[in-house]
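J.: My structure is below; once you've seen it, I'll send some questions.
The values are calculated or read from the model by the stated rules, or taken from the named source; none is laboratory data. Here the structure is a predicted model, which is why all the values come from computation and not from measurement. Don't worry about glycine lacking a Cβ; one is built from the backbone with ideal geometry, like all the others, and counts go over all protein chains shown. SASA here: full protein model, heavy atoms, side chains in, ligands and nucleic acids out. Shrake-Rupley method; radii C 1.70, N 1.55, O 1.52, S 1.80 Å.
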Amino acid sequence: MYRVFYCLTVEHDLRLVAVAAILCTLSALAAVGTARRAMAAPAERQVLWLLVAGFVTGVGIWGTHFVSMLAYESPLPIHYAMVGTIGSLLLAVFVSACGWAYAVRAEHAFAAPVGGAVIGAGIATMHFMGIDAMDVGARMQWDTGLVIASVVLGMQFAAASATIMVRYPTRRGLFGAAAAFVLGVVCLHFIAMGALQLVPLAPGIVEPDGVSTKLLAVTIALGVIFVVSIGLGAAALDLHLGTRREAEARRMRTLADATFEGIAVVRDGIMQDMNSRFCEMLKLDRQDLIRTPINKVVMDGKLAEILDEQAEMRPVTCQLRCRDGAAITVQVRRRTMEFDGDPAQVLTFRDVSSEERARARITHLAHHDTLTGLPNRLKFREAFEAELDRAWHADTIVALMFFDLDRFKEVNDVHGHATGDALLKTVSERMLDVLPKGAIAARLSGDEFAVVLPDVEGREDVLAIAQRVVNTVGSPLTLGQLHLKVSASGGVTLFPLDGEDPDRLMNQADLALYRAKGQGRNQVCDFDPKLGQMMQERRMLEADLGLAIEDELLELHFQPQARLGDGAIVGYEALIRWNDVRRGFVPPSNFVQIAEETGLILKMGEWVLKAACREAVNWPDGRRVAVNVSPAQFRQGNLVFSVRQALKLSGLAPERLEIEITEGVLIDDEERALNVLRALKELGVGLAIDDFGTGYSSLSYLRAFPFDKIKIDRSFMTGIHRDREAQIIVQATIDLARELNIRVVVEGVEEFDELGALGCQPDLVLQGFLLSRPISRGQVPGFDAESADLRLRICEHVNAGAETPRRRA
């Protein structure tokens with residue numbers, strides 16, 4: 001590299017080197033500027049701009065090269081051969097144009113660096129071709145390594161320049177690309193000149209013919225300045241005119257797109273342009289329609305009438321073919337106008353089929369479900385009666401099937417109504433896929449569907465079809481990012497075997513559906529005359545339950561909760577019980593669900609709150625009472641008021657009351673749920689999430705809602721000493737709760753082995769049959785003494801686990 005440095009500082013006139021640097025910089029800016037203009041120019045002008053870019057680049061680097069050569073202070077006189085000099089200029093222009101064209105127009109990732117490398121190779125070729133045109137009385141000796149280095153660096157910087165220009169169409173990109181281009185030219189020229197050694201020959205070898213140095217210097221300087229000025233000026237002028245044209249075009253397109261009618265410009269039967277409304281009509285993109293014959297979209301053979309010269313501005317009604325093959329009726333008017341400098345026909349299209357579609361839509365909505373598109377109850381009743389009348393005259397059998405989704409309400413409550421709607425649509429599609437031809441399916445209400453099967457063979461065939469529907473609906477499904485597993489139940493009745501009256505048949509199908517749900521859901525049941533009696537008993541149970549709530553005939557039992565570390569009773573969970581005079585003890589599973597379905601849960605829940613607070617106020621040691629709140633109570637909107645009233649009437653301190661909720665309470669309106677929970681917290685009431693880890697629970701609830709306690713569901717505790725995975729889940733939940741400063745209650749512990757699987761964790765609270773079954777209010781005062789020995793054994797069992805380190809999950 002010393003040789004290169006010596007060549008630059010000693011063998012060159014630095015003043016002329018500075019001139020060459022200025023010329024090189026201006027040329028690089030002009031070259032990159034015109035190339036960028038070529039990249040942004042419309043297709044019809046892009047080739048012209050690429051030629052301009054090649055000419056500006058070639059002349060600029062050629063001029064830089066020869067001014068730098070003039071700066072070279074050779075000990076021998078130098079002249080230049082005209083043919084070689086002009087040839088190197090033409091070569092530079094040609095190769096530069098090719099390189100820019102490849103960088104701008106090629107459609108692959110490496111187009112820009114490859115095109116730039118081609119330009120660098122052209123610069124190198126021009127350089128050595130120009131040196132070869134030197135007429136000097138000396139022999140040229142080359143340093144091969146420096147020659148290779150000059151060529152490689154020149155190509156690399158030129159490739160970098162083209163890449164920056166293409167990828168960064170900003171002002172910084174312009175200067176960055178120009179800087180890289182200048183570095184490439186400078187490195188190539190001066191490293192190559194450093195590689196050159198002139199060995200003088202005998203006197204008389206130098207030929208005097210050639211271009212003089214002074215004349216060549218003046219010519220090159222003026223030529224480069226002229227070309228650079230023209231290039232920069234042309235680029236600026238074209239950019240200005242192009243900006244004005246683009247602004248005008250945007251303004252006109254904005255006006256065209258603002259109309260309510262479709263507009264298309266047609267010349268020689270070919271669509272040249274159109275507005276967005278026309279694209280919307282045909283359900284096609286603008287790119288798909290440009291340069292497309294108009295007869296591809298106009299139907300009915302009306303094109304000749306539309307384009308008739310004598311029919312300008314006269315409306316013509318025809319049909320247009322849409323992308324999906326459907327036809328829309330439009331009214332067309334035509335006018336001849338100038339477009340892009342040439343006459344063209346401007347067609348306007350007004351959709352006159354919208355009124356017809358609106359009337360058809362109103363009729364459809366009156367008889368169909370808007371969500372699923374299935375017939376609604378009105379349309380279904382008409383179709384059902386028509387099929388019964390047909391079957392009566394043809395002496396055939398008609399089947400009526402009712403279906404509904406099991407626990408669909410939970411999906412709505414937890415995931416929101418949008419998810420519920422998507423689920424109903426998917427279920428209806430699955431149902432239609434498996435029903436035989438001729439079946440009539442309808443959505444009656446909510447998640448209830450009905451199907452009429454005309455002309456069936458017998459009961460077994462109908463039950464098989466119904467079971468196929470249940471199996472298909474129960475297959476796992478994915479809604480967006482949500483994976484659901486739902487099930488359905490079905491009820492079946494037949495005309496005329498089970499009845500002939502439409503109302504009676506629909507009631508029988510409903511009874512059969514109720515029987516299927518009562519037997520465990522996810523199945524199909526046939527109508528049984530005994531079902532009427534079952535339904536009557538259920539209605540009597542509803543009535544008696546309402547009276548029991550009204551007359552306060554329900555009672556509360558309490559299940560103790562004890563701390564594992566010292567066995568102390570810290571509180572009780574309030575559990576509702578019903579001991580009916582006629583039926584005896586009625587399990588909660590038999591009447592709580594009925595209360596939720598009928599709305600009785602609201603009065604029941606309010607009574608439980610007041611009764612639990614009245615009992616707890618007399619308990620010693622500040623023991624808490626936990627009360628479960630149903631989603632229906634939570635959604636009613638006055639839960640906070642009910643809790644405040646219960647505390648006020650009983651005199652119970654707010655911190656001694658804990659409200660337990662399940663994830664069903666955390667409905668899709670999370671903001672409202674958070675506001676209610678915060679209001680309860682402001683009262684000083686504790687909040688607990690029940691059955692944690694089951695259903696649709698999410699760890700995000702622990703961050704989003706201010707819970708004080710979580711209750712690990714009994715399903716994880718049952719047999720935990722034999723289930724390693726359950727141990728890992730439970731321990732991870734406990735550790736997480738500790739980090740969040742949330743208390744943990746383990747439910748459903750029935751054996752000491754299950755307790756031992758938890759190890760020594762004295763801060764946990766135990767609730768389960770191992771400690772005690774739920775006890776009546778009269779048993780609560782004496783429970784401390786009665787359970788003292790058992791609680792002592794539990795503490796000893798827990799503390800014994802400290803001798804052996806607990807294995808962490």
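J.: Could you list, in sequence order, all residues of segment 569-583 that are of a type outside the set (A, V, I, L, M) and buried (at least 19 other Cβ atoms within 10 Å of the Cβ)?
T.: GLY571, TYR572, GLU573, TRP578
J.: Here's a check for you: in segment 584-614, which residue that is without any contact (Cβ under 8 Å) to a residue 40 or more places away in the chain and open to solvent by 80 Å² or more (accessible area, probe 1.4 Å) is farthest from LEU556 (Cα to Cα)?
T.: GLU597
J.: Counting just the residues of segment 455-495 that are touching a Ser or Thr at 6+ places or on another chain (Cβ under 7 Å) and over 13 Å from VAL524 (Cβ atoms), which one comes out most open to solvent (accessible area, probe 1.4 Å)?
T.: Of everything passing the filter in segment 455-495, ASP455 is most open to solvent (accessible area, probe 1.4 Å).
J.: Moving on to the next point. Just one of (1) buried (at least 19 other Cβ atoms within 10 Å of the Cβ); (2) part of a loop (DSSP other than H, G, I, E, B) trips up LEU320, so point out which.
T.: In the conditions (1) buried (at least 19 other Cβ atoms within 10 Å of the Cβ); (2) part of a loop (DSSP other than H, G, I, E, B), LEU320 misses (2) alone.
Listed here are the residues, each with its yes/no results for (1) of a type outside the set (S, T, N, Q); (2) open to solvent by less than 10 Å² (accessible area, probe 1.4 Å); (3) on the phi > 0 side of the Ramachandran plot.
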residue: MET535; (1), (2), (3): yes, no, no
residue: LEU541; (1), (2), (3): yes, no, no
residue: LEU545; (1), (2), (3): yes, yes, no
residue: ALA548; (1), (2), (3): yes, yes, no
residue: PHE558; (1), (2), (3): yes, yes, no
residue: GLY567; (1), (2), (3): yes, yes, yes
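J.: What pairs come out if I take residues in segment 321-348 that are under 17 Å from LEU289 (Cβ atoms) and pair them with residues that are modelled with pLDDT of 85 or more and assigned to a loop (DSSP other than H, G, I, E, B) whose C-beta lies under 7 Å away, six or more apart or interchain?
T.: ARG321/VAL297; CYS322/LYS283; ARG323/LYS283; ARG323/LEU284; ASP324/LYS283; ILE328/CYS322; THR348/GLU261
J.: Just to verify a result, which residue in segment 285-310, among those that are part of a loop (DSSP other than H, G, I, E, B) and open to solvent by less than 40 Å² (accessible area, probe 1.4 Å), is nearest to SER353 (Cα to Cα)?
T.: That would be VAL297.
J.: What residue, among those in segment 356-390 that are in contact (Cβ under 8 Å) with a residue 40 or more places away in the chain, part of a helix (DSSP H, G or I) and among the acidic types (Asp, Glu), is surrounded by the most Cβ atoms within 10 Å (Cβ to Cβ)?
T.: Taking the candidates together, the pick is GLU387.
J.: Output the number of residues of segment 102-127 satisfying the condition of being in contact (Cβ under 8 Å) with a residue 12 or more places away in the chain and either of a type outside the set (A, V, I, L, M) or outside any helix (DSSP H, G or I) (or both).
T.: Number satisfying all stated conditions: 9.
J.: Mind telling me which of the residues VAL93, VAL56 ends up being in a helix (DSSP H, G or I) and either in contact (Cβ under 8 Å) with a residue 40 or more places away in the chain or open to solvent by 40 Å² or more (accessible area, probe 1.4 Å) (or both)?
T.: The match here is VAL56.
J.: Being of a type outside the set (D, E, K, R) and in contact with a Cys (Cβ under 6 Å, 6 or more places away or on another chain) narrows it down to one residue among ALA512, ALA543; which is it?
T.: Going through ALA512, ALA543 in turn, the sole match is ALA512.
J.: Pairs under 6 Å by beta carbon, first residue closer than 18 Å to LEU371 by Cβ and without any contact (Cβ under 8 Å) to a residue 60 or more places away in the chain in segment 427-440, partner open to solvent by less than 50 Å² (accessible area, probe 1.4 Å) and assigned to a loop (DSSP other than H, G, I, E, B), six or more apart or different chains?
T.: SER428/THR372; SER428/LEU374
J.: Filter segment 486-508 for residues that are in contact with a Phe, Trp or Tyr (Cβ under 6 Å, 6 or more places away or on another chain) and either in a loop (DSSP other than H, G, I, E, B) or at positive phi (or both) and give the result.
T.: ASP498
J.: Now a separate question. Run down ALA109, ALA179 and say which single residue is within 22 Å of LEU14 (Cα to Cα) and open to solvent by 30 Å² or more (accessible area, probe 1.4 Å).
T.: Going through ALA109, ALA179 in turn, the sole match is ALA179.
J.: Would you confirm whether any residue within segment 67-79 is surrounded by fewer than 19 Cβ atoms within 10 Å (Cβ to Cβ) and at pLDDT 75 or above?
T.: no
J.: Among the residues of segment 615-633, write down those that are in a loop (DSSP other than H, G, I, E, B) and without any contact (Cβ under 8 Å) to a residue 40 or more places away in the chain.
T.: VAL617, ASN618, PRO620, GLY622, VAL629, SER630
J.: A further question follows. If you go through segment 634-646 one residue at a time, how many are closer than 17 Å to ARG672 by Cβ and part of a helix (DSSP H, G or I)?
T.: 8
For (1) within 42 Å of the chain's Cα centre (by Cα); (2) not charged (D, E, K, R), each residue gets a yes or a no:
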| residue | (1), (2) |
| --- | --- |
| ASP510 | yes, no |
| GLY520 | yes, yes |
| LYS530 | no, no |
| MET534 | no, yes |
| ARG539 | no, no |
| GLY546 | no, yes |
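J.: For segment 391-404, give me each residue that is exposed (fewer than 13 other Cβ atoms within 10 Å of the Cβ) and touching a residue at least 12 places away in the same chain (Cβ under 8 Å).
T.: ALA394
J.: Do we have PHE55 as out of contact with any strand residue (DSSP E or B) (no Cβ under 6 Å at 6 or more places or on another chain), among the hydrophobic types (A, V, I, L, M, F, W, C) and at pLDDT below 80 here?
T.: Criteria not met by PHE55.
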